[in-house]
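Q: First the structure, then my questions, so here it is.
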Amino acid sequence: MWGRCGMQTDVTALLTIAGMALVTYLTRAGGLFLMKRVTFSPRFEAWLNCLPGAVIISMVAPSALSGKIPETVAALATILVTIRFKSIFPAMLAGVGTVWILRTVM
Amino acid sequence: MSLNSDRESGQADDGVIFSAGGFWVGFRQSIPIALSVFAYGLVFGLLARQAGLSLGESVIMSGLVFAGASQFAALGLWQAPLPVAAIIVTTLVVNLRHLLMGAALYPWFSRLSPARAYGSLFFMNDESWALTMASLSRGEKNSSFLLGSGLIVFISWLSATVLGRTLGGVLQDPSLWGLDFAFTAVFLALLVGLWKGKKDILPWGVAVAVSLVASHWLPGKWYIILGGLAGSCVGAVRHAD
């Protein structure tokens, strides 16, 4: 009824965006905030040490190991170029380039 | 960049610093990532236009929320009457992974003043966080890396939102150019640097297995949370044995 231009919808939209912004910032700040209030044990420290690698490999696994040929080959190319050049930019070019070419020709 | 700014306070007991030099290293090293983020910002702007968001609403969302996956999810729900609670809860769930990422920064960020730490964390995104973890794990003590990296990604995301919302279909599908793989490639490159040898095989293997299963069966970003928790817990248990 009100349409996208109505005042009411706009206020609701802005409040929704404000709510999204609030909960998102809470997730960003919450990890450090909670960690400052936790008692550390050696096992907890070991967990913390393992956390970055486990999170990053989880971010990448579904895409790199999707079972599709372009992604799999590109993942290998990325790793090889990283080992060879020890730098992120050429690795990214190799990955993106490989995926782009293989998707185009396949 | 000057010696002066490097010596500026922020010095902690164990040498964690927060200098202009570190800020610019983070800023520069994130330029390639910012370009890929730009491509996705164009897509976000286009979809925001199609979902009926005004230019102002799109810019406010990208500027205040600044979390791509949750913003795309919100657009999927953006229909009158707005399901306000559903959008906010979805945003929270999609962004819960930030809790783990913030926790991983604790050894360095707990040494910073609250203003620096919690200010920088506003700009934390997956890619900037991963680059920062790689830099800090290499023994570089400069915690301002995250702010520099986050800021260029922020600028890129915000300006691309404006451009995509204004011009419409500049770039409909970044995957046609392989740009969706840019983030995967960056994370893979960082993993090569984080690899510490055989002891990583089990926790990383568990993380991969759990994230693959979770990405198949669960929506959103649960695969990152569950894979990250499973892998790190296995690592912790193994360590204590």
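The values are calculated or read from the model by the stated rules, or taken from the named source; none is laboratory data. Predicted, not measured: the structure shown is a model, and the values here were computed from it. Don't worry about glycine lacking a Cβ; one is built from the backbone with ideal geometry, like all the others, and counts go over all protein chains shown.
Q: Checking the condition in contact with a Ser or Thr (Cβ under 6 Å, 6 or more places away or on another chain) and surrounded by fewer than 24 Cβ atoms within 10 Å (Cβ to Cβ), which residue from B:Val210, B:Val206, B:Val192 passes?
A: B:Val192
Q: Say whether the condition of being closer than 25 Å to A:Ser87 by Cα and without any contact (Cβ under 8 Å) to a residue 60 or more places away in the chain is met by at least one residue in the range B:207-228.
A: Looking for residues that are closer than 25 Å to A:Ser87 by Cα and without any contact (Cβ under 8 Å) to a residue 60 or more places away in the chain, one finds at least one in the range B:207-228, hence yes.
Q: Are there helices (runs of 4 or more DSSP H) fully within the range B:1-69 with at least 1 residues that are away from chain A (no Cβ under 11 Å), modelled with pLDDT of 90 or more and in contact with a strand residue (DSSP E or B) (Cβ under 8 Å, 6 or more places away or on another chain)? List them.
A: B:20-29
Q: On the given criteria, is A:Phe89 facing chain B (nearest Cβ under 7 Å) and either over 26 Å from B:Gly220 (Cα atoms) or of a type in the set (D, E, K, R) (or both)? I'd like the intermediate steps shown before the answer.
A: Working: facing chain B (nearest Cβ under 7 Å): yes; either over 26 Å from B:Gly220 (Cα atoms) or of a type in the set (D, E, K, R) (or both): yes.
Yes.
Q: Every residue in the range A:27-56 that is within 22 Å of B:Ala115 (Cβ to Cβ) and assigned to a helix (DSSP H, G or I), please.
A: A:Thr27, A:Arg28, A:Ala29, A:Gly30, A:Gly31, A:Leu32, A:Phe33, A:Leu34, A:Met35 - these are the residues of the range A:27-56 that are within 22 Å of B:Ala115 (Cβ to Cβ) and assigned to a helix (DSSP H, G or I).
Q: Having 3 or more residues that are more than 7 Å from chain A (Cβ to nearest Cβ) and within 25 Å of B:Phe72 (Cβ to Cβ) is the bar; report the helices (runs of 4 or more DSSP H) wholly within the range B:160-241 that clear it.
A: Here the list reads B:201-217, B:222-240.
Q: Report, by residue number, each residue of the range B:97-131 that is among the hydrophobic types (A, V, I, L, M, F, W, C), out of contact with any Leu (no Cβ under 9 Å at 6 or more places or on another chain) and not in a helix (DSSP H, G or I).
A: If the condition is that a residue be among the hydrophobic types (A, V, I, L, M, F, W, C), out of contact with any Leu (no Cβ under 9 Å at 6 or more places or on another chain) and not in a helix (DSSP H, G or I), then B:Leu112 is the only one that fits.
Q: Which condition number in (1) modelled with pLDDT of 95 or more; (2) buried (at least 23 other Cβ atoms within 10 Å of the Cβ); (3) more than 30 Å from A:Phe33 (Cβ to Cβ) is the one that B:Gly150 fails?
A: All conditions pass for B:Gly150, except number (3).
Q: Looking only at the range B:117-139, count how many residues are surrounded by fewer than 20 Cβ atoms within 10 Å (Cβ to Cβ) and either modelled with pLDDT under 95 or farther than 25 Å from B:Pro32 by Cα (or both).
A: 4
Q: With the requirement that a residue be small (Gly, Ala, Ser) and under 21 Å from B:Asp173 (Cα atoms), what does the range A:76-106 give you?
A: Restricting attention to the range A:76-106, the residues satisfying the condition of being small (Gly, Ala, Ser) are A:77, A:87, A:91, A:94-95, A:97.
Correct list: A:Ala94, A:Gly95, A:Gly97.
Q: Something else: Count, please, the residues in the range A:69-106 that happen to be surrounded by 15 or more Cβ atoms within 10 Å (Cβ to Cβ) and outside any helix (DSSP H, G or I).
A: 0
Q: A further question on this structure: With respect to A:Ala46, determine if the residue is among the small types (Gly, Ala, Ser), at the interface with another protein chain (Cβ under 7 Å from one of its Cβ atoms), closer than 26 Å to B:Gly150 by Cβ and in contact with a helix residue (DSSP H, G or I) (Cβ under 8 Å, 6 or more places away or on another chain).
A: So A:Ala46 fails the test.
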